[in-house]
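Worksheet: the structure to be examined is printed underneath.
Where a number appears in this text, it was derived from the coordinates with a stated rule and is not lab data. Here the structure is a predicted model, which means the values were calculated and not measured. FYI the Cβ positions are ideal-geometry reconstructions off the backbone, even for glycines, and counts take in every protein chain you see.
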Number of protein chains: 2
Amino acid sequence: MSSPLRIGCLVFPRVTQLDLTGPVQVFSSVPGAEVHLIWKRIEPVPSDSVLTLTPTTTFADCPQLDVICVPGGFGTDALVNDEEVLDFLRKQAAGAKYVTSVCTGSLVLGATGLLKGYRAATHWSATEVLALFGATPTRTRVCIDRNRITGGGVTAGIDFALTLVSILVDRTMAEAIQLRLEYNPAPPFNAGSPETAPAEVLALMKERIAPSQARRIEAAKRAAARVM
Amino acid sequence: MSSPLRIGCLVFPRVTQLDLTGPVQVFSSVPGAEVHLIWKRIEPVPSDSVLTLTPTTTFADCPQLDVICVPGGFGTDALVNDEEVLDFLRKQAAGAKYVTSVCTGSLVLGATGLLKGYRAATHWSATEVLALFGATPTRTRVCIDRNRITGGGVTAGIDFALTLVSILVDRTMAEAIQLRLEYNPAPPFNAGSPETAPAEVLALMKERIAPSQARRIEAAKRAAARVM
């Protein structure tokens, strides 16, 4: 591993910002870690919410990373067919110690071909799409298969990042960060997964995401045709 | 409540970005909600991490909000003695339906005098400091006392925001957002509170925060002298 430890997260239009900001909070808490936010250009990028994200470096200027991390969101539909993005990820992955994602960021890794034959996690709504890339989807918060470490949907990014810190540094460091972030969750409801959500809430959500789901499948099929 | 629902979060230098970005992800998922990121000026503001935050409006331009929310972080030391900030919060609070905070954002609310005689939550390391402002600190993830709704440390902001959405809209909406964010947490370790963290991790963290803790108490005492 390089010294300092170099962790880079992709930033892109319509990223689900919490996929990124959760892990960034954890990674930034590692003393001496260098955290990069990377995009094609240095200009601020709109997230999926009111938050604008400012990259700290570009594909061209980014140093070789120890960890490359791809967050998810609706913006991944464009990324899975964007050769400039996929090339950057393939080049970084070749030299990185860990190749990682949160949520539907795994679809982008899938589109690079880097998850073929690997188990991987993703957002609950994207497991079948992930399989198009030759990955074996798992329904866990964090999935470790050799040097591919992938997190489930959105908030799983926090569990993912703490797990990764325990691997990169040690368990005590991960626990200290967990304590600092008071990560002692107490969700007020029990609707955080399709298995526990009330049936009508799951039905509502499936109806609401149906149009974006169709676009996601369409984009992934085109991407998968190139790498499979 | 106004239509659209107007939720405003304070942005400031050295904010703990996850205190803000967790709730913002939840609030932005409410269809039709208007989420504002507010600071004195419109220029980007450095957070506690590599992330730069771009305000969407200024104190002068911000409309009357239904919900005003103050996140925490080291930057609150400056805020508790910043009359421009405290005046803005007092004015908004007078017309807002809910006056809220995450983490040490409660110290800033305390410095406005708005928590005198109220129960309130804060980061585990700040409970005694919060008491300087006449509040009764609670060790819960979310504390509701009349129209003051306060969250505990950092990640408690997600529990806080889901709770608030269930009050502002309804439980089904909060559950749908929880499902979308796959908020089904599975922390890899059990170190998220002083009660559960290994003794050596708690000791390490207390040692590490001692200098900032001293600054926090100093700032809060000066602020409390004005409102108490």
Under 10 Å from the Cβ of B:Pro188, count the other residues' Cβ atoms, weight Lys and Arg +1, Asp and Glu -1, and hand me the total. 0
If you add up the charges near B:His36, with Lys and Arg at +1 and Asp and Glu at -1, over every other residue whose beta carbon is less than 12 angstrom from its beta carbon, what do you get? -2
Label points for A:Ala199 built 7 Å along Cα→Cβ; distances to same position in the other copies, nm, shortest first, come to 5.2
Residue among B:Leu5, B:Ser29, B:Ser106 farthest towards the positive dipole end of chain B, charges placed on Cβ: B:Ser106
Those trypsin sites (Lys or Arg not before Pro) in the range B:103-152 that DSSP places in a loop and that have at most 11 other beta carbons within 10 Å: B:Arg146
Please give me the summed charge of the neighbours of B:Gly151: other residues whose Cβ is under 9 Å from its Cβ, Lys and Arg +1, Asp and Glu -1. -1
Total charge dipole magnitude, the protein assembly as shown, about the Cα centre, Cβ charges on Lys, Arg, Asp, Glu only, Debye to nearest 20: 160
Based on DSSP H runs of at least 4 residues, each adding -39500 (n - 2.57), what is the mean residue ellipticity at 222 nm of chain B after dividing by all its residues, to the nearest 500 deg cm²/dmol? -12500 deg cm²/dmol
Between the range A:173-228 and the range B:12-48, the alpha-carbon center distance in angstrom: 22
Please get the size of the charge dipole for the range A:28-136, origin at its Cα centre, with Cβ charges of +1 on Lys and Arg and -1 on Asp and Glu, quoted in debye to the nearest 20. 340
Expressed as a rounded percentage, what relative contact order does chain A have, with Cα pairs under 8 Å and six or more residues apart? 18
For a footprinting-style exposure proxy, rank B:His123, A:His36 by other Cβ within 10 Å, fewest first. A:His36, B:His123
Chain B, dipole about Cα centre (Lys/Arg Cβ +1, Asp/Glu Cβ -1), debye to the nearest 20: 520
Set the Förster radius R0 to 41 Å, insert the Cβ-Cβ distance between B:Asp87 and B:Asn190 as r into 1/(1 + (r/R0)^6), and round the FRET efficiency to 0.05. 0.45
Which listed pairs, of B:Lys40/B:Lys116; B:Lys40/B:Lys97; B:Lys91/B:Lys206; A:Lys116/A:Lys206; B:Lys40/B:Lys221, have C-alpha distances above 31 Å, in listed order: B:Lys91/B:Lys206
Per residue of B:53-60, how many C-beta atoms from partner chains lie within 10 Å of its own C-beta, taken as a mean? 2
Across A:168-176, the residue-averaged tally of Cβ atoms belonging to other chains within 10 Å stands at 5
Cleavage-rule hits, GluC sites (Glu not before Pro), the range A:177-206, DSSP coil, Cβ neighbours within 10 Å at most 11: A:Glu195
Taking B:Thr112, A:Thr57 and counting other C-beta atoms within 10 Å, the order from fewest to most: A:Thr57, B:Thr112
